[in-house]
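Every read-out reported here was derived from the displayed coordinates using simple, explicitly stated rules and does not represent laboratory data. Owing to the predicted nature of the structure, the values given are computational and were not obtained by experimental measurement.
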Amino acid sequence: MRTRIVWALVAAAVVIAPRWDAHSAQLGNVKAPRKIKDVKPVYPEQSLAAGDEGVVIVELKVDDSGTVTDARILSSRCPALNESGLKATRSWRYEKVLVNGEAKPFTMTAQVPFRLPEKLKSRAGRPGACRWVDPPKPIF
């Protein structure tokens, strides 16, 4: 019984749409996605006052024209920054990703960093504030 469950999970994982990664790009005639419209997130006023810093990791679904059609939080240690991170990423645009000459939709992850400006760095680490933790390095 346990073996069937494991194989069912493996089969389900294979059906899920693949994420963008460098290895996939090497398998075919694929060009890595390049951001052509970058919108910086607005630092929430409450987070500036509190001294919050952090990284919001977002999953982006991008259609074949390069428009972000969906964004969702994958990881965040500071919920106060989430909405601003999502709002910014939903406005990003990418060059079309061509697979054998044809534009294709893709899914990728992106990191949205929130670092306090130099003049407010003294607020970082206040009691109750979200603290900066270096984001994980991509595996390529």
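Can you tell me the relative contact order of region 19-119? Whole percent, Cα pairs under 8 Å, sequence separation 6 or more. Walk me through the numbers on the way to the answer.
Working: 205 pairs, mean separation 39.8, N = 101.
Relative contact order for region 19-119 comes out at 39 percent.
I'd like the Kirkwood hydrodynamic radius of region 44-124, using the inverse of the mean 1/r over distinct C-alpha pairs, in Å. Mind showing how you got there, number by number?
Working: mean 1/r = 0.0722 Å⁻¹.
Roughly 13.8 Å, rounded to one decimal.
Here are some pairs, Lys37/Lys121; Lys87/Lys119; Lys61/Lys104; Lys35/Lys119; which of them have Cα atoms lying more than 20 Å apart in this structure?
Details: Lys37/Lys121 28 Å; Lys87/Lys119 25 Å; Lys61/Lys104 11 Å; Lys35/Lys119 29 Å.
Flagged as over cut-off: Lys37/Lys121; Lys87/Lys119; Lys35/Lys119.
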